[in-house]
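The block underneath contains the structure these notes are about, expressed in structure tokens.
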Amino acid sequence: MLSLVTFLPLFGALVIAVGVHNRPALARWAALVVSGVTFLLSLLLLEGFDPGSHAFQFLEESPWLPGYGLYYRMGVDGISLPFVLLTTFLTPVCILSSWESVQKYVKEYMVAFLALETFVVGVFCALDFILFYILWEAMLIPMFLIIGVWGGPNRIYAALKFFLYTLVGSVLMLVAVLAMGIKAGTFSIPALMDHPFSLVFQIWVFLGLFASFSVKVPMWPVHTWLPDAHVEAPTAGSVILAGILLKMGAYGFLRFSIPMLPDATRVFVPLIFGLSLVAIVYTALVALMQKDLKKLIAYSSVSHMGFVTIGLFTLNEQGVEGGILQMINHGIVAGALFLLVGVVYDRLHTREIARFGGLVHRMPVYALIFMVFTMASVGLPGTNGFVGEFLILLGAYLASKGAAVVATTGVVLGAAYMLWMYKRVVFGEIHDGVSALLDVSKRELILFVPLLILVFWIGFYPKPFLEMFHVSVQHLLHQASVVKVGAMVVK
Amino acid sequence: MSVEMQDIHLIFMMPEILVAVMAMALLLLSAWTHKGGSGVVHWMTAMTIIAVILVIRVGEGSGSTFGGQFVTDAVSRYMKVLICLGMVLPIIMSRDYIRTHDMDGGEYHVVAMFAMLGGMIMASSGGFVILYLGLELMSLSFYVLAAWRRDSGFSGEAGLKYFVLGSVASGLLLYGISMIYGAVGATGFKEVAAFLGTPDGHGSQLAALGVVLVLVGMGFKVAAAPFHMWAPDVYQGAPTPVTAFMSVMPKIAAFAALFRILFDVFAPVHAQWGPMVQLLAILSMGVGAFAGLVQTNLKRLLAYSSIGHVGYILIGLVANTPEGMQGVMVYLTIYLFMTVGVFGIMVAFDRQGLGEEISDYQGAAHKQPLMAFVMAMFMFSMAGIPPLAGFVGKLSIFMAAVKAGMVPLAVAGVLFSAVSAFYYLKVVKVMYFDPPVAESKMFFSGGGLLVVTLSFILICVWGVLPGDLMAWTESSVKAWH
């Protein structure tokens, strides 16, 4: 079942690659159908999932390279399932959003997107560390092509930078993974969670993993690939990037660093808090000064992901749950904001904030949608952003009062740059060129409706979402509190 | 060391005898037929090598003959199959190239077969003298092959350069062998190993110097930095199909010989050669990664890429474990198909005199999407990006390294692999992101298409399901000793 959800998009991609020639419309519809069916199947996963258990569910296992101790292992728990759903949900949205804006090499574009979906879903489902690594790295190929082929004017630079940054981090992770797997004699993720490691070993492995995950999140100061990649990527590429790929890094922390290396985690908490706080404040200030819409949202992503990493490393229930929820929120809100930028970019072919102004007069519906997502990004009560940020700040306050105070300034700054941006784009005098704009089309409206529903649903009634991962988070916190070094001594 | 008549078991050398006889028969055949008949020679060569592969596959167990000078076992058989594949695949794909560049005399195939014979003898050598014989037979044939393109001055230059530098390397190797002989009084691997195992041999400075010189000589042959200087020029100048087998076959043969030399003969002095090989590995990976960045010629780029690959493979030797050995074999197998595949595409491009500069591939994705995709996958595979086979090769090598406790070496390896990823990406970038140039089109001959398709399929399949490859190499390694 899990494999079906994972590999259906890849299968669809192969069919489209082989079967569709010179018929872009068919390629679009086929990709939409495949990703839609995948989403529906993933909802069946949700239906069959038991949130009352922290164990991995829908387990699958078959030998892959038994000689090397490698198995094909898949399974989800409460922490990975939300990300699987987020991925399967955002992919059809992305495909729909590229309906008109992508006109060249439509077939190849769709194939790349579906392949990407397979790899990302696989990353969240993999229960073998090497399998995880393979999918994690494989994802680079389609993303590299998406940015490089369908991106903006400076796309080549951005694509290469994205690829190489991620690769350098990833290969260090590979060594850490190998070291850990060989020491424990297995690459099974559940088994590694229970295996005791010495503190020194944990610290080295943590650094290896950190190299990879921190680039992906991205944490300050290795975030510089993100603004470039976001600005140059096509709209749907940005959505996937912000919505899902960034979450992979944070997911890595949750799945590997914290439960497998709890002692090293506690050692590194101050470092991660420090880097996250710098990210929150510094990139918020940088975002304030951006002239390019997409760049502004990209920097705001770094800032928001700073909140997420703080939340995860508070190592208390409120913080971690807030972190996970905030990741989902950010996936929805940042994704929506990039889509909104895409809407005006398709019409005006510019993303410069100064070129807009007075959009509200010509595109009232657009202005309304934009406002909702801006508020969600700021964290206005009633929207999903509030719930996530509130939980994180609560957790941070319990963990370290100073960090909570600094992080709160990030909320203020976030409100500043988002509202100022909104004011300049939507209000004010009608700018040249804006006067002839049409409001959002039906297709675009369809894109935003489910996102809007989610914003308010999580905002007013986050319980079903929190319940999905509540038990798993408790188990994670239990794992994080274990002193593995002590277990070594007992052994 | 006396050779008794009873100790001659020709059955162990069946493949080599077959190659030698057929090579001479084909020489006669090509002398008697006119140019038009060279197609016969071509396909007969291919058929012969395939037959030889089958003969090798039939062989079982291990044994030695000629007083232990000639050894055959599962590992050498595996390596010989690779050697044969490294020769036959380029031959199959290069029919057109040979014709258009007037290399069609028939002797070309014969010399190639002699090179292969030399490589096979190296893989089976049980003593330094026979090793040297095999190596020289292979090298001399390659000097000639590199200079074969009479319509290109570069080709002659390549041949001469290869010859001069290769001779120096052979000289060093021979010098080392003579020192070992001076210390031991014998050249057979068994005798040398036995001597080095004694306290006397352990402390022998003469033997130690011999070990160093032998390693230097072999380092030249596999183009490991800092003995790699010849590689880029020779790769660039030699005819493309020759470059294809030159970048694969001698390396396989040399590593087959190194297995025996390092793991058997020099095993007692591991403390001496271990750091040396480690240094060779790090330098090779470094040179391969950084010097490759600035290349604009695809053949030169592949030369540096091969230097880098040799660095990774050497890590497997440093590990000095069965896993390391298996890693070397896996990596070489995958490297063989990646390289042959890329050269197959280059050969197909050659009909227009294109394909050697990276800029020739500009916008290839727009004109020949399928070919560009295949080429891109080869590049990603060389960079070691999963789910392609190149990653499996790197995984098995690095796993062996980490298992052997050489984490710093593994870290250096992965970082260099990230650097080298840049130039592989550059090729992909040129094909996919740059606008297409005027008329450029590939012409695949049937053979070329076959080779490229086969390589591509294997690279994809082994990337996801490397089980059978691992099983073959593992069973060979288990039968070692």
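Screening residue A:147 on (1) surrounded by fewer than 24 Cβ atoms within 10 Å (Cβ to Cβ); (2) within 10 Å of another protein chain (Cβ to nearest Cβ) shows it passes everything except condition (1).
Scan the helices (runs of 4 or more DSSP H) fully inside region A:224-319 and keep the ones with 3 or more residues being out of contact with any Lys or Arg (no Cβ under 6 Å at 6 or more places or on another chain) and closer than 26 Å to residue A:400 by Cβ. It would help to see each step written out before you state the result.
Numbers: elements: A:225-232, A:235-240, A:246-252, A:262-288, A:293-313.
Per the criteria, A:246-252, A:262-288, A:293-313.
Being of a type outside the set (Gly, Ala, Ser), within 11 Å of chain A (Cβ to nearest Cβ) and more than 20 Å from residue B:338 (Cβ to Cβ) holds for only one residue in B:407, B:437, and it is B:407. When we screen B:269, B:234 for residues that are assigned to a helix (DSSP H, G or I), more than 13 Å from the chain's Cα centre (by Cα), within 30 Å of residue B:445 (Cα to Cα) and hydrophobic (A, V, I, L, M, F, W, C), the only hit is B:234.
Those helices (runs of 4 or more DSSP H) of region B:373-481 in which 2 or more residues are of a type in the set (Asp, Glu) and out of contact with any His (no Cβ under 9 Å at 6 or more places or on another chain) occupy B:467-478.
Going by what's in this entry, would residue B:426 be described as over 27 Å from residue B:291 (Cα atoms), crowded, with 17+ Cβ neighbours inside 10 Å, touching a residue at least 40 places away in the same chain (Cβ under 8 Å) and within 12 Å of chain A (Cβ to nearest Cβ)? It is false that residue B:426 is over 27 Å from residue B:291 (Cα atoms), crowded, with 17+ Cβ neighbours inside 10 Å, touching a residue at least 40 places away in the same chain (Cβ under 8 Å) and within 12 Å of chain A (Cβ to nearest Cβ).
Just to be sure I understand, how many residues within region B:450-468 are within 10 Å of another protein chain (Cβ to nearest Cβ) and in contact (Cβ under 8 Å) with a residue 40 or more places away in the chain? Give the steps one after another, and end with the answer.
Of region B:450-468, the ones within 10 Å of another protein chain (Cβ to nearest Cβ) are B:463-467.
Then keep just the ones that are in contact (Cβ under 8 Å) with a residue 40 or more places away in the chain; that gives B:463-464, B:466.
Residues flagged as within 10 Å of another protein chain (Cβ to nearest Cβ) and in contact (Cβ under 8 Å) with a residue 40 or more places away in the chain within region B:450-468 amount to 3.
Could you please tell me which pairs satisfy a Cβ distance under 6 Å, a separation of 6+ or placement on different chains, a first residue in region A:158-186 that is under 14 Å from residue B:402 (Cα atoms) and facing chain B (nearest Cβ under 7 Å), and a second residue that is surrounded by fewer than 24 Cβ atoms within 10 Å (Cβ to Cβ) and of a type in the set (Lys, Arg)? Correct list of pairs: A:182/B:403.
The residues listed here are A:92, A:51; of these, the one that is farther than 30 Å from residue B:326 by Cα, part of a helix (DSSP H, G or I) and away from every other protein chain (no Cβ under 14 Å) is A:92. Among the residues of region B:385-402, those identified as at the interface with another protein chain (Cβ under 7 Å from one of its Cβ atoms), surrounded by 22 or more Cβ atoms within 10 Å (Cβ to Cβ) and of a type outside the set (Phe, Trp, Tyr) are B:385, B:386, B:399, B:402.
Conditions tested, residue by residue: (1) touching a His at 6+ places or on another chain (Cβ under 8 Å); (2) buried (at least 24 other Cβ atoms within 10 Å of the Cβ).
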residue	(1), (2)
B:223	no, yes
B:231	no, yes
B:239	yes, yes
B:244	no, yes
B:249	no, yes
B:265	no, yes
B:268	yes, no
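Of all residues in region B:179-188, those satisfying the criterion of being touching a residue at least 24 places away in the same chain (Cβ under 8 Å) and either out of contact with any strand residue (DSSP E or B) (no Cβ under 9 Å at 6 or more places or on another chain) or not β-branched (Val, Ile, Thr) (or both) are B:179, B:180, B:181, B:182, B:183, B:186, B:188. If the condition is being more than 19 Å from residue B:370 (Cα to Cα) and either more than 16 Å from the chain's Cα centre (by Cα) or small (Gly, Ala, Ser) (or both), then region B:327-351 contributes only B:327.
A short reminder: the numbers here are calculations on the coordinates, not readings from a lab. On a predicted model such as this, the values are computed, not experimentally measured, just so you know. Note that we place each Cβ from the backbone using ideal geometry, even for glycine, and neighbour counts take in every protein chain shown.
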